[in-house]
Amino acid sequence: MSLISKIGFGGGCHWCTEAVFQSLIGVTTVAQGWIASCNNNLEFSEAVIVTYNPDLISLDTLIEIHLHTHKSTSNHSMREKYRSAIYYFEPSQEDASKHIISNLQTHFKAPIITQVLPFKDFKPSREAITNYYYSNPQKPFCEQFINPKLKLILSTYGKYADKKKLSFLSKNN
């Protein structure tokens, strides 16, 4: 029997983040919406909750993909709405996430600003905008912002890519 784990990710538009994690093997569900944490991070920020099978994809891999598919080294004016964060559900995920980020820092020229925060609350997106990418892959937003992230997954993390879901990307090149 496989364990199922849950972790939250925020960083950019939740449409992008949702599509990235929906495109990975081992991810069973992606809930799109807004996550709040505690202290200075009580405000809701666009994010997803990823439920995954750690026998098929590790927390290390999920975090690495997350850091490479949003601006994890940039503190811009929209950070309140697009907080760069990993939201942990279990206390053990806090230290593990911090350790993974520290190990991955060598892959980036600038310091990683992604915070590791406790999950406190979630507000799901309205149904009309969930599964946004896979419902609208030809929309200009999807082609301009999401396709490059999914192509990165295919080229760099192909072992974890759901190639069946992403097969149309190689046909459009």
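A few comments on the model shown:
- Legend: Rg and Dmax of the range 1-58, from Cα coordinates, 12.2, 39 Å.
- Cβ-Cβ distance of Lys159 and Leu3, R₀ of 30 Å, FRET efficiency by 1/(1 + (r/R0)^6): the value works out to about 0.90.
- Here the 3J(HN,Hα) profile of the range 45-60, calculated from phi with Karplus coefficients 6.51, -1.76 and 1.60 at θ = phi - 60°, is 9, 4, 6, 9, 10, 9, 9, 9, 9, x, 6, 9, 8, 8, 4, 4 Hz, Gly and Pro shown as x.
- What the phi angles of the range 108-119 give under the Karplus curve with 6.51, -1.76 and 1.60, with θ = phi - 60°, is a coupling list of 10, 6, 9, x, 6, 9, 4, 8, 10, 10, x, 6 Hz, glycine and proline written as x.
- Comparing Cα centroids, the range 44-67 and the range 74-97 end up 11 angstrom apart.
- Each Lys and Arg Cβ is given +1 and each Asp and Glu Cβ -1; about its Cα centre, the range 5-171 then shows a dipole of about 560 debye.
- Over the chain, relative contact order from alpha-carbon pairs under 8 Å, at least 6 apart, %: 29
- Neighbour counts of C-beta atoms inside 10 Å place Tyr157, Tyr134 in the sequence Tyr134, Tyr157, starting with the fewest.
None of the figures in this text is laboratory data; all of them are computed from the coordinates on show. Quick caveat: nothing in here was measured; it's all calculated off a predicted structure. Don't worry about glycine lacking a Cβ; one is built from the backbone with ideal geometry, like all the others, and counts go over all protein chains shown.
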